[in-house]
Amino acid sequence: MLNAIYNYITEVLENPQNKFADKYKKVKAEIVESQFLGYFKSIFGDEVIYHTSVCEERGTKEHDILIEFHDYILIAEVKASKVREPFFNPQKAYKRISDHFHSDSGIGGAYSQAITLKKFIEGKKDVVLYENKNNKFHIENIPQKIILPLVLTLNQFGGLAVNTSLILEKDADEPYPWVCNWHDFENIIEILEYLHKGSQDFINYVVWRIDNHANVLSSDELDVIEEYFLDVQLREKIKSSAAFFPPNGPSLIDKIYFEKHGIPYEYQGGKNADIRKKKKIGRNESCPCGSGKKFKRCCLGKGIYD
């Protein structure tokens, strides 16, 4: 019901016949971009340098967010367009979905924007860019940095966002993007805080996710990040074989939610059952989540491994 109400309101506000439609879209895009920037700040804090409305040349070819973090450059393109509902006819439905995916307002279009900036930056020792469209800034020692393309969306695009390898058109030597929607990003921050993960852990996940994108099959990004942190064997095994993350059973984000509300929640973890082997873990052993801390100082008592 709530989804239907939201869709109806969106259709009314974005109807081209309404004189305020363009203004609404512009304001919505600005709010969504600002929200994602806030999410990044909750992960990185003051560890990074943030740039918004980045241009290759003063006032042209605008990109949403660029973040400098140690040896990484994150190029994040933010899209606030709504999901286009498919037709019942499969052939027409695919064309409709594909057209929107590759449009300027879709995931494929956002990826192309990020890759355009990536190509402009790489290959140079130093580069001059413009933030807020006009303010000059420099990025130095570019050959030593890894450039990561990110696509962030307001709405949930389901399997197409999690498995872009099924439809994305890209050069063979270019990386896949990491795609995440507003709701999942919010929950990922919850997971990072719950598991005592920091900014470098987040970056490590994004890099791993991009490098192994074609070997992941899932309907939910939260299933993937949950297994990444709770099953360290997955990180190596996926390099040689594909992994499927089924959307069933209890989840870590559900456990976090219920715990916050004081409700008991039984969680066994390990949806990728063929990979995980449960064993009793000593209090002073290293925590299996890979944090580097002792089990007693990390995940003990949270019902994840015990």
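The values are calculated or read from the model by the stated rules, or taken from the named source; none is laboratory data. Keep in mind that this is a model prediction, so the values were computed, not measured. Ideal geometry is used to build each Cβ from the backbone, glycine not excepted, and the neighbour counts take in all protein chains shown. For the accessible areas, the whole protein counts, side chains as well, though only heavy atoms, and no ligand, DNA or RNA atoms are used. Shrake-Rupley method; radii C 1.70, N 1.55, O 1.52, S 1.80 Å.
Has segment 239-252 got at least one residue that is of a type in the set (A, V, I, L, M, F, W, C), assigned to a helix (DSSP H, G or I) and surrounded by fewer than 20 Cβ atoms within 10 Å (Cβ to Cβ)?
So far as segment 239-252 goes, no, none of its residues is of a type in the set (A, V, I, L, M, F, W, C), assigned to a helix (DSSP H, G or I) and surrounded by fewer than 20 Cβ atoms within 10 Å (Cβ to Cβ).
With respect to the numbered conditions (1) of a type outside the set (S, T, N, Q); (2) closer than 22 Å to S218 by Cβ; (3) crowded, with 20+ Cβ neighbours inside 10 Å; (4) touching a residue at least 60 places away in the same chain (Cβ under 8 Å), which one is the sole condition not fulfilled by G158?
So G158 meets the others, but not (3).
Scanning for something at pLDDT 90 or above and not aliphatic (A, V, I, L, M), does segment 228-243 turn up at least one residue?
Among the residues of segment 228-243, at least one is at pLDDT 90 or above and not aliphatic (A, V, I, L, M), which makes the answer yes.
Are any residues in segment 49-63 surrounded by 17 or more Cβ atoms within 10 Å (Cβ to Cβ) and either hydrophobic (A, V, I, L, M, F, W, C) or farther than 24 Å from L117 by Cβ (or both), and if so, which ones?
V54, C55
Could you look through segment 203-238, keep only residues that are of a type in the set (K, R) and open to solvent by 10 Å² or more (accessible area, probe 1.4 Å), and pick out the one that is nearest to C180 (Cα to Cα)?
R235
Can you pull out every residue in segment 29-47 that is surrounded by 15 or more Cβ atoms within 10 Å (Cβ to Cβ) and free of Cβ contacts under 8 Å to residues at least 60 places away in the same chain?
A29, E33, L37, F40
Of the residues that sit in segment 141-155 and are open to solvent by 20 Å² or more (accessible area, probe 1.4 Å) and out of contact with any Lys or Arg (no Cβ under 8 Å at 6 or more places or on another chain), which one is farthest from I75 (Cα to Cα)?
Q144
Contact list please: Cβ distance under 8 Å, first residue in segment 1-17 and more than 16 Å from L154 (Cα to Cα) and of a type in the set (S, T, N, Q), second residue part of a helix (DSSP H, G or I) and modelled with pLDDT of 85 or more, pairs at least six apart or on different chains.
N15/A21
What residue, among those in segment 1-16 that are in a helix (DSSP H, G or I) and of a type outside the set (A, V, I, L, M), is surrounded by the most Cβ atoms within 10 Å (Cβ to Cβ)?
Initial filter on segment 1-16 (in a helix (DSSP H, G or I)): 2-14.
Going one step further and asking which of them are of a type outside the set (A, V, I, L, M), we end up with 3, 6-8, 10-11, 14.
Details: N3: 7, Y6: 12, N7: 14, Y8: 10, T10: 14, E11: 10, E14: 16.
Applying the filter and picking the extreme gives E14.
Please work out which one of (1) within 21 Å of G290 (Cα to Cα); (2) in a helix (DSSP H, G or I) is the condition E259 fails and give its number.
All conditions pass for E259, except number (1).
Return the residue satisfying two criteria in turn: it lies in segment 57-109 and is touching a residue at least 12 places away in the same chain (Cβ under 8 Å) and aromatic (F, W, Y), and of such residues it is nearest to Q144 (Cα to Cα).
Going through the qualifying residues, I end up with Y72.
Show the residue pairs that are 6+ apart or on different chains and have beta-carbon atoms under 9 Å apart, the first residue being within segment 231-252 and within 19 Å of N204 (Cβ to Cβ), the second being part of a helix (DSSP H, G or I) and among the aromatic types (F, W, Y).
Listed pairs, sorted by first residue: L234/Y228; R235/W208; R235/Y228; I238/W208; L252/Y194; L252/F229.
Let me confirm something: among K19, K26, which residue is within 29 Å of I167 (Cα to Cα), exposed (fewer than 14 other Cβ atoms within 10 Å of the Cβ) and more than 22 Å from the chain's Cα centre (by Cα)?
K26 is the lone residue from the list that is within 29 Å of I167 (Cα to Cα), exposed (fewer than 14 other Cβ atoms within 10 Å of the Cβ) and more than 22 Å from the chain's Cα centre (by Cα).
Scan segment 124-140 for residues that are closer than 26 Å to D104 by Cα, open to solvent by 80 Å² or more (accessible area, probe 1.4 Å) and either touching a helix residue (DSSP H, G or I) at 6+ places or on another chain (Cβ under 9 Å) or in a helix (DSSP H, G or I) (or both) and report the count.
Adding up the residues that qualify gives 0.
Can you find even one residue in segment 165-181 that is open to solvent by less than 10 Å² (accessible area, probe 1.4 Å), more than 24 Å from L117 (Cα to Cα) and either in contact (Cβ under 8 Å) with a residue 60 or more places away in the chain or touching a Ser or Thr at 6+ places or on another chain (Cβ under 9 Å) (or both)?
No, segment 165-181 contains no residue that is open to solvent by less than 10 Å² (accessible area, probe 1.4 Å), more than 24 Å from L117 (Cα to Cα) and either in contact (Cβ under 8 Å) with a residue 60 or more places away in the chain or touching a Ser or Thr at 6+ places or on another chain (Cβ under 9 Å) (or both).
Could you please give the count of residues in segment 69-102 that are in a strand (DSSP E or B) and buried (at least 18 other Cβ atoms within 10 Å of the Cβ)?
Going through segment 69-102 one residue at a time, the tally reaches 8.
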